[in-house]
Amino acid sequence: MSSRASSTRLPARFTSSSSSSSCAAPAAARGGGGGGSSSSAASAEAKAREWVVHVLALAPAQADTLEKQARDAERTDARLPRGLAAKVRAALNVVAERGDEGRYRLLESVRAEVSAEWPHYTQQQRANLAANNAMRGAAARGAAAAPAAAPPARRSGGGGGSRGGGGGPASQPPQPQPPLVVRTQEEFRRYKKEFNKKYPRYDELARELDAITGPIYELEQQFSAATDEKERVRLSKEIERRFQAEGPVMKAKADERRALHVELKRLQDGVNAFAEGRENRA
């Protein structure tokens with residue numbers, strides 16, 4: 001099973017890295033001169049964007065899965081534009097980000113475009129959307145209730161104890177740090193050792209998150225494939241139950257891994273920069 005951890009996996013240790021978490025470049029600007037064909041194309045692209053946004057609001061999905069869903073939707077819903085599936089990937093580049101497992105997640109910046117009254121939603125999908133919004137609202141309320149003075153979790157070495165800080169779901173995001181500058185061979189060895197000491201925990205968290213999210217992902221796949229409405233209701237309730245049961249633990253592990261990713265990436269970049277400079281000087 002591929003990793004479904006929410007954070008980006010670091011590249012191989014101390015090799016030149018390229019971020020795999022950034023979105024692909026947006027599609028070309030859709031201005032254009034006059035003419036009926038250009039306005040028709042722009043309308044089709046807007047419809048594709050709308051479709052992708054509302055489908056991803058229900059659950060993350062892979063591009064191939066979305067294209068298949070779009071082809072099926074084209075055949076069954078005359079209100080959708082022809083060629084919808086061919087425009088899915090371009091829309092994904094604009095409204096979503098791709099995770100390590102290849103599933104696209106809706107960007108927070110476009111979530112306001114989601115409407116429960118979207119005409120292509122079924123009643124059950126509207127119920128699922130409401131459940132998603134309720135869980136998101138609960139998480140936001142938990143974050144707002146966190147003590148203002150609570151410091152961000154820090155992982156400056158040392159093993160053992162709790163990495164989560166307060167133990168609740170309202171942990172703060174990693175604080176930005178200045179680039180690490182490695183000046184001496186001694187620092188190079190020390191930071192490399194620190195990276196290698198902390199990296200196993202980063203990998204371990206990926207496996208732990210995969211164990212939690214894997215069964216939920218399988219339920220989501222079953223829900224997408226189900227045609228019987230009672231079965232879809234049952235699966236929807238089971239997905240919601242698992243999210244409620246596993247949510248706090250999943251969030252704590254995802255927050256810890258996200259913070260470790262930032263820390264390890266800083267160490268990696270600093271060590272790589274020193275090694276490259278040493279090679280250039282040789």
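Just one of (1) surrounded by fewer than 19 Cβ atoms within 10 Å (Cβ to Cβ); (2) closer than 18 Å to A225 by Cα; (3) not β-branched (V, I, T) fails for G83. It is (2). Counted as qualifying within region 1-97 are the helices (runs of 4 or more DSSP H) with 1 or more residues that are at pLDDT 85 or above, over 23 Å from the mean Cα position of the chain (by Cα) and not assigned by TED's automatic domain parsing to the domain that holds R266, namely 36-56, 63-76. Taken over region 213-241, the residue count meeting the criterion of being among the hydrophobic types (A, V, I, L, M, F, W, C) and either more than 16 Å from Q123 (Cβ to Cβ) or not assigned by TED's automatic domain parsing to the domain that holds A254 (or both) is 4. Checking each residue in region 172-205 for being at pLDDT below 85, touching a Lys or Arg at 6+ places or on another chain (Cβ under 9 Å) and closer than 24 Å to R105 by Cβ picks out P173, P174, Q175.
Please work out if G277 is modelled with pLDDT under 85 and closer than 20 Å to N128 by Cα. Considered against the rule, which asks whether it is modelled with pLDDT under 85 and closer than 20 Å to N128 by Cα, G277 comes out as no.
Listed by first and then second residue, the pairs linking a residue in region 230-253 that is closer than 14 Å to E220 by Cβ to a residue that is modelled with pLDDT under 90 and among the aromatic types (F, W, Y), with Cβ atoms under 8 Å apart and 6 or more places separating them unless they lie on different chains, are R232/F223; L235/F223; S236/F223; I239/F223.
Here is a check on your reading of the model: is A275 touching a Ser or Thr at 6+ places or on another chain (Cβ under 6 Å) and in a helix (DSSP H, G or I)? Criteria not met by A275.
The values are calculated or read from the model by the stated rules, or taken from the named source; none is laboratory data. It should be emphasised that the depicted structure is a prediction, and the values quoted were computed from it without experimental measurement. Reconstructed Cβ throughout: ideal geometry from the backbone, glycine too, with neighbour counts over all protein chains shown.
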